[in-house]
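Student: Can you read through this structure? Questions will come right after.
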Amino acid sequence: MAHYVITIAREKGSGGYDIAKKLSDKLNIPFYDRKLLRIASDVSGINERLFGEVDERLGKHEMMRAAQKVYTGEILPPDSDNYTSQQNLFQFQAKIITELAEISSCIILGRCADQILKGKSYLLRTFIHAPLEARIARVASYSLAMTEAEIKKYICEQDENRAEYYRFYTGESWRDASHFDISLDSAALGVEGCVDRIVKALPIFTKV
């Protein structure tokens, strides 16, 4: 049976979630987003709220520290004073991503998965982007209470959070095209177009 994992990094408002969900339905494979936080919580015994508080963003303490290296497999024991530190929370989440990827085909949205799984023969790394105007329009369609200026600020803040998180845990630039096998403009292609391009790329970049 074919085994492949699709990671999707995405700009805020580019439709990455919708693309991942449609891919999941089309390929009939699991899709992991915030579900990873619940799984990591169950495995570690750490409250899911703590994972949610640092999900794809750094705490103030981490922002003042030098960049780390991606997942090493080293998880602190429960009796450690740093068991619930952001570093250990990331390590738990990375452990779950690694184990899920080995078990079966799946789609993983964000969370440095492209770097955590780097070098795996079954991996297709994708980046979804779109012009800012298109992303503002998409967010506006489900955030009716926000003004255009507020949406623009929100998008920029979310992108910056993801970029800092990625840099801290991988030492790499989030928007560096060399980290991805394909990069797609969702405004030009549409959600369905992106899904089709990713499906067509699977046999090229993985051993499907």
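Student: Sort out which residues of region 99-119 are surrounded by fewer than 16 Cβ atoms within 10 Å (Cβ to Cβ) and on the phi < 0 side of the Ramachandran plot, and write them in order of number.
Tutor: Answer for region 99-119, where residues must be surrounded by fewer than 16 Cβ atoms within 10 Å (Cβ to Cβ) and on the phi < 0 side of the Ramachandran plot: Glu99, Glu102, Ile103, Ser104.
Student: Starting from residues that are out of contact with any helix residue (DSSP H, G or I) (no Cβ under 7 Å at 6 or more places or on another chain) and acidic (Asp, Glu), keep the ones in region 137-163 and report whichever is surrounded by the most Cβ atoms within 10 Å (Cβ to Cβ).
Tutor: Ranking the candidates gives Asp159 first.
Student: Shifting gears a bit: For Cys156, which of the numbered conditions (1) modelled with pLDDT of 95 or more; (2) at positive phi fails to hold?
Tutor: Against the list (1) modelled with pLDDT of 95 or more; (2) at positive phi, Cys156 comes up short only on (2).
Student: Right, something else. Would it be correct to say that Asp196 is assigned to a helix (DSSP H, G or I) and touching a strand residue (DSSP E or B) at 6+ places or on another chain (Cβ under 7 Å)?
Tutor: In short, no.
Student: Right, here's the next one. Specify the residue that is nearest to Gly190 (Cα to Cα); the eligible residues are those in region 138-148 that are of a type outside the set (Phe, Trp, Tyr) and free of Cβ contacts under 8 Å to residues at least 40 places away in the same chain.
Tutor: Going residue by residue through region 138-148, those that are of a type outside the set (Phe, Trp, Tyr) are 138-141, 143-148.
If we keep only those that are free of Cβ contacts under 8 Å to residues at least 40 places away in the same chain too, we end up with 140-141, 143-148.
Working: Ala140: 17, Ser141: 15, Ser143: 20, Leu144: 22, Ala145: 25, Met146: 24, Thr147: 24, Glu148: 22 Å.
Step by step, filter region 138-148, then rank; the result is Ser141.
Student: What pairs can you find where one residue is in region 43-58 and under 17 Å from Tyr169 (Cβ atoms), the other is modelled with pLDDT under 75, and their Cβ atoms are less than 7 Å apart, with a gap of 6+ or different chains?
Tutor: Leu50/Thr84
Student: While we're looking at this one, here's another question. Go through region 170-190 and give me each residue that's assigned to a helix (DSSP H, G or I) and either under 17 Å from Cys112 (Cβ atoms) or of a type in the set (A, V, I, L, M, F, W, C) (or both). Don't jump to the end; show me each part of the working.
Tutor: To start, the set of residues in region 170-190 that are assigned to a helix (DSSP H, G or I) comprises 170, 177-179, 186-190.
Thr170, Ala177, Ser178, His179, Ala187, Ala188, Leu189 - these are the residues of region 170-190 that are assigned to a helix (DSSP H, G or I) and either under 17 Å from Cys112 (Cβ atoms) or of a type in the set (A, V, I, L, M, F, W, C) (or both).
Student: Would you confirm whether or not region 99-106 contains a residue that is touching a helix residue (DSSP H, G or I) at 6+ places or on another chain (Cβ under 8 Å) and part of a loop (DSSP other than H, G, I, E, B)?
Tutor: Yes, that holds for at least one residue.
Student: Tell me the residue from Arg111, Arg167 that is assigned to a loop (DSSP other than H, G, I, E, B), farther than 21 Å from Asp185 by Cβ, of a type outside the set (Gly, Ala, Ser) and touching a residue at least 60 places away in the same chain (Cβ under 8 Å), please. Step through it out loud before you land on a result.
Tutor: Values: Arg167 fails: assigned to a loop (DSSP other than H, G, I, E, B).
Among Arg111, Arg167, only Arg111 is assigned to a loop (DSSP other than H, G, I, E, B), farther than 21 Å from Asp185 by Cβ, of a type outside the set (Gly, Ala, Ser) and touching a residue at least 60 places away in the same chain (Cβ under 8 Å).
The values are calculated or read from the model by the stated rules, or taken from the named source; none is laboratory data. Just so it is clear, the structure is predicted and the values come from calculations on it, not from any experiment. Note that each Cβ is placed from the backbone with ideal geometry, even for glycine, and that neighbours are counted across all protein chains shown.
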